[in-house]
Amino acid sequence: MVTTLIVATTSDPASINPANALLAMPGFQPGPHFQEDMKSFVNEGVRVLLHDKSIVVEDDLDMRWEKVTGEVIDEVIFFSKHTAVSNKPALTVHPIGVPHLQEGDVPLQGGKPGWAALPNPRMGSWLRHLRKLAQAHNLVPEFEITLEGTHHGPITNKPTMFLEIGSTEDYWKRQDAAQVMAQLVWEGLGLGGGTDLGNWSRENDKKRVLLGIGGGHYAPRHMDVVLKDDVWVGHLLSGYSIPMEEIKQSEGETNGEIGGTWRESIKAAYEATRSAFPGGEIIAHLDHKSFKGWQKKAITGFLAEQNIEIGKPNKFTEY
């Protein structure tokens, strides 16, 4: 049986409300004593852990759970609020990490510089299922259902994803949104007797995994592909996660050298995606229009050097 650790914090309504809605479903019992300031609950292969700090600061909860209980955790799922400049209502799914930061940078939202968590293979199928559930509960078109680029912490060691409700206090508190997120986890993990969704070890006859490179935070070009059935999704590096600087010579000419941590970021995201999808074919999907010519040339050159295949959208759906 797969053992899933679900983490929520009482300090955030968009985190604790979905957790409480899930815990109200049949079968949850108090779980093992984990730590003075945390509560745990269990149901089949699911472990729910509630703490009262910011969701991005409690590092290594999967390893800490294993140490205290002796149980092996297979994946981690966090409930959280989402904030956005636009304040638009949204339900989001995303991988975590700050692979573009370098030694000495201070991650403002958890994680550690240069690190990318293992992306949870369930993300693609859960995003598609979330869309169906949100439509059935009349949350669409009010809420946008979307992926987000890889960002923030906390540090984890097992395949991880965040499920978020955005983007303002009024929406964080919405019980209908909390209910949909709880339902997503209940059905997505196959609690109550269904078959779980997005189980890589069982369903990986279609082995192509999308590694998104470029574009805005909500990964629109990558979303277009992932919304099609059977597409697996790994890390999604938005433009800000692949910082590139043209290094100018004194005469204003460039010598083809490009600074910034873009190479390290792509490499970390690729390695983490490869580890999360054993036996998978990891294929880079580029948001071509988001790059200037010199950036695209540098990125495609680097991917070729690293033997990372680049695929057009139909590559992920045609077998």
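The values are calculated or read from the model by the stated rules, or taken from the named source; none is laboratory data. These figures come from a predicted structure and were not determined experimentally. Counting neighbours? That spans all protein chains shown, and the Cβs are built from the backbone with ideal geometry, glycine included. In case anyone asks, the SASA skips ligands and DNA or RNA and just uses the protein heavy atoms, side chains included. Shrake-Rupley method; radii C 1.70, N 1.55, O 1.52, S 1.80 Å.
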Worksheet entry | Residue among G194, G111, G166 with the largest mean-square fluctuation in a Gaussian network model of the chain, springs linking Cα atoms under 10 Å | G194
Worksheet item: Non-local amide H neighbours of N157 (under 5 Å, H modeled in plane, Pro and chain starts lacking H): which ones?
Response: D62, M63
Item to complete: Give a residue-ordered list of calculated ³J(HN,Hα) values for region 293-299 (Karplus: 6.51 cos²θ - 1.76 cosθ + 1.60, θ = phi - 60°; whole Hz; x for Gly, Pro).
Response: x, 5, 6, 4, 4, 5, 5
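Using +1 on the beta carbon of Lys and Arg, -1 on that of Asp and Glu, and nothing else charged, what's the dipole of region 159-250 about the Cα centre, debye to 20? Walk me through the numbers on the way to the answer.
Details: 9 positive and 13 negative charges, 53 e Å.
Its charge dipole is roughly 260 debye.
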Practice prompt. Name the residue farthest towards the positive end of the dipole of the chain from the options T317, G194, F291, assuming +1 on Cβ of Lys and Arg, -1 on Cβ of Asp and Glu, about the Cα centre.
Written response: T317
Worksheet item: Taking N as the number of residues in region 182-319, what is its Cα Rg relative to 2.2 N^0.38 Å?
Response: 1.22
Worksheet item: Quick one: putting +1 on the C-beta of Lys and Arg, -1 on the C-beta of Asp and Glu, what dipole do you get for region 160-319 around its Cα centre, in Debye to the nearest 20?
Response: 280
Response to the item:
Comparing G104, G280, G239 in a Gaussian network model of the chain (Cα, 10 Å), the one with the largest mean-square fluctuation is G104
Discussion item. So, taking all protein chains as they sit and a 1.4 Å probe, how much accessible area belongs to E144, in Å² rounded to tens?
Written reply: 90
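About its Cα centre, how strong a charge dipole does the chain have in debye, to the nearest 20, once Lys and Arg get +1 and Asp and Glu get -1 at the Cβ?
Charge dipole of the chain: 680 debye, to the nearest 20.
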Discussion item. Show me, for region 75-90, the HN-Hα J-couplings you get by feeding each phi into the Karplus relation (A = 6.51, B = -1.76, C = 1.60, θ = phi - 60°), rounded to Hz, glycine and proline as x.
Written reply: 7, 10, 10, 10, 9, 7, 7, 10, 10, 8, 4, 6, 6, 5, x, 8
Worksheet entry | Correct choice for P(r) over Cα pairs in 10 Å bins from 0, in percent that was computed from the model, options (i) 6, 27, 35, 22, 7, 2, 0, 0; (ii) 5, 24, 32, 22, 12, 4, 0; (iii) 6, 28, 38, 24, 4, 0 | (i)
Worksheet item: Applying the Karplus parametrisation 6.51 cos²θ - 1.76 cosθ + 1.60 with θ = phi - 60° to the phi angles of region 140-156, what ³J(HN,Hα) value in whole Hz is obtained for each residue in order, glycine and proline being reported as x?
Response: 9, x, 4, 9, 8, 9, 8, 6, 10, x, 4, 7, 6, x, x, 6, 9
Fill in: Built amide H within the under 5 Å cut-off of E309, gap 5+
A284
Discussion item. Check which residues have an amide H placed less than 5 Å from R208's amide H, if you skip close sequence neighbours.
Written reply: E281
